[in-house]
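Read the structure below first, then the notes.
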Number of protein chains: 2
Amino acid sequence: MKPTPPKLSQVQVSPEDPRPRKRRNRAPNSGPTGPAHWLIRSNVSIGERLYKKIRTSIIELDLLPGTPISENAIAQLEGVSRTPVREAILRLAEERLVEVVPQSGSYVGRIPVSALPEAMLSRRALEMMLIKTATARATRDDWQQLEAHLALQADVACMDDIAGFHHLDDEFHELIGRIAGLPRVWEHVQEIKVQMDRFRRLTFAQAGRMDLVVREHTTIVEELKAGSQERAAKEMATHLTGLRSYIAKGVAQNPQYFIIDIDLDNLPESVV
Amino acid sequence: MKPTPPKLSQVQVSPEDPRPRKRRNRAPNSGPTGPAHWLIRSNVSIGERLYKKIRTSIIELDLLPGTPISENAIAQLEGVSRTPVREAILRLAEERLVEVVPQSGSYVGRIPVSALPEAMLSRRALEMMLIKTATARATRDDWQQLEAHLALQADVACMDDIAGFHHLDDEFHELIGRIAGLPRVWEHVQEIKVQMDRFRRLTFAQAGRMDLVVREHTTIVEELKAGSQERAAKEMATHLTGLRSYIAKGVAQNPQYFIIDIDLDNLPESVV
DNA sequence: CTGATTTATCTTGCATACCAGTTAATGTGT
DNA sequence: ACACATTAACTGGTATGCAAGATAAATCAG
């Protein structure tokens, strides 16, 4: 198959190398220079693609918590080698979406219960800051974008398109982050709320609640337009509070999907 | 060493395999089960070790932003193969501590300027929530721990041990997170503030400010003991605000260390 | 039939090899 | 001298193979 020529290079040639190189090495590590900024290559490596694909499968519960996943199996299924698969798995393990047990197996990460109330509180704190800042900075153009988005939400809510509505919900909060001039904060919120999202999908169908969400969004936008930071923040807090009372019940129904690392009867209190 | 039996397995045997296996395969993927929880192995893989080592070097500025780093060079230096090195580099690239340019080279990540004000605002929002919650929940035992830590801080501040003081500073904020019953939130804050820490080390020596920090910490603890959530939060905000006015100057001094992705003359405002 | 032991076959961790693409020293033509 | 094509030596992305540990089926001892 492979001729495998005698490849003794790779090793560093000694200074007295009898065969003087015709071409000199290229300048090695000549101090801090940074990458050539004029060419930013697109990162569409196999590993990146697999990461996004598996991540979506986990978040949307195509893969239930605790399901064994095998690097080999995925590699065969996708027709690639284990290397990019492993790259994706390791990234997912870092955000606790996958649990890797060395020499034994990997599993879709169970939801750490302690992450749920903390994520809710963190998200609320950050998004209250975002809505205050957005209220202070929003232009009339921003108002229009927000209202157009609200109309879109109402449309999709009518059609009972849960997945589509979930996407729009994220987009709405992202828009507020952009208006606040703090888009990275929304990215952090997204990382924080991953386990919350999985919990929600596991426990309630969330159908019928879409109208309520649109109403709350509408109220938030109204307060934003009125320029009242505190009231807008209060509405945002109302919009994001909750969940806490559902945790104990949700965990009790399907304990195999969770890592119960805190006392379910004594969940962290919320202080607004 | 090892007889290495004819290992033609690995491939899936066809159903009509003339040599029926004496041992059957072990049950494959029999539904969600989760890992064997009774044995939690320590994760001291080479990749993990390298990740922490390189990360520390970057954060503590042993490696300046923009410095080229080579997977091969590190692998040789550490006496391991490229695989675990690559694993570490990829993790670092995710938190923007390394910039990877495919087929060209990798570099210590330059500091994205836009991350600085956003990190400060996020941290402030989260830590204000933490101190309020901690104030509400703290027991007399917690008070003692806090005061003991303040004494420790004062000691180290006297000795001009900057690195040690930085560590204690982090520990103080971590303690507040624990008292609030929300330790994961502090972990998130740590991720958020990485670029801020690098900026600080790049621009000011921070010497002489240690006494001020200890005084501010002391004030915060006093308000916590008094049980006044709002005042404690206000002191925390004061403690964490700042930096903004230094950004433009710091970037101007060493522009090669930064990714200037926002308008330096129009940094995001702070809304408390 | 029950419980301990063996063993085939899994798993992930790491090493190695190869590839395509980038880069910069070099050679060459003008 | 200077512009330009050439090309050796690098880069990170991927494929593959082996090793050590874990696990459950198969086997054996009682």
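A few remarks follow.
- A:LEU130 being within 13 Å of another protein chain (Cβ to nearest Cβ), surrounded by 19 or more Cβ atoms within 10 Å (Cβ to Cβ) and within 12 Å of DNA strand C (Cβ to nearest atom): no
- Helices (runs of 4 or more DSSP H) (entirely within region B:120-227) containing at least 3 residues that are in contact with a Gly (Cβ under 8 Å, 6 or more places away or on another chain): B:183-192, B:194-203
- Scanning region B:154-186 for residues being among the charged types (D, E, K, R) and under 17 Å from B:LEU240 (Cβ atoms) gives a total of 4.
- In region A:46-82, of all residues being polar (S, T, N, Q) and either over 23 Å from A:PRO255 (Cα atoms) or in a helix (DSSP H, G or I) (or both), the one that is farthest from DNA strand C (Cβ to nearest atom) corresponds to A:THR56.
- Residue match in region B:245-268 (condition: within 30 Å of A:VAL271 (Cα to Cα), loosely packed, with under 14 Cβ neighbours inside 10 Å, of a type outside the set (S, T, N, Q) and without any contact (Cβ under 8 Å) to a residue 40 or more places away in the chain): no
- Checked against (1) surrounded by 21 or more Cβ atoms within 10 Å (Cβ to Cβ); (2) in the same structural domain as A:ILE247 (by TED's automatic domain parsing), A:ARG137 passes all but a single condition, namely (1).
- Of residues in region B:57-85 being touching a residue at least 60 places away in the same chain (Cβ under 8 Å) and at positive phi, the one nearest to the other protein chains (Cβ to nearest Cβ): B:GLY66
- Residues of region A:140-150 classified as farther than 11 Å from A:PHE172 by Cα and either polar (S, T, N, Q) or surrounded by 11 or more Cβ atoms within 10 Å (Cβ to Cβ) (or both), total: 3
- Condition broken by B:GLY105, with the remaining ones in (1) facing another protein chain (nearest Cβ under 9 Å); (2) free of Cβ contacts under 8 Å to residues at least 12 places away in the same chain satisfied: (2)
- Matching residues, region B:142-159, being within 24 Å of the chain's Cα centre (by Cα) and of a type outside the set (S, T, N, Q): B:LEU146, B:HIS149, B:LEU150, B:LEU152, B:VAL156, B:ALA157
- Residue match in region B:27-43 (condition: exposed (fewer than 15 other Cβ atoms within 10 Å of the Cβ), closer than 17 Å to B:TYR257 by Cα and either at the interface with another protein chain (Cβ under 8 Å from one of its Cβ atoms) or modelled with pLDDT under 95 (or both)): no
The values are calculated or read from the model by the stated rules, or taken from the named source; none is laboratory data. Quick caveat, the model's predicted, so the values are computed rather than measured. Heads up, the Cβs are rebuilt from the backbone with ideal geometry, glycines too, and the neighbour counts pull from every protein chain shown.
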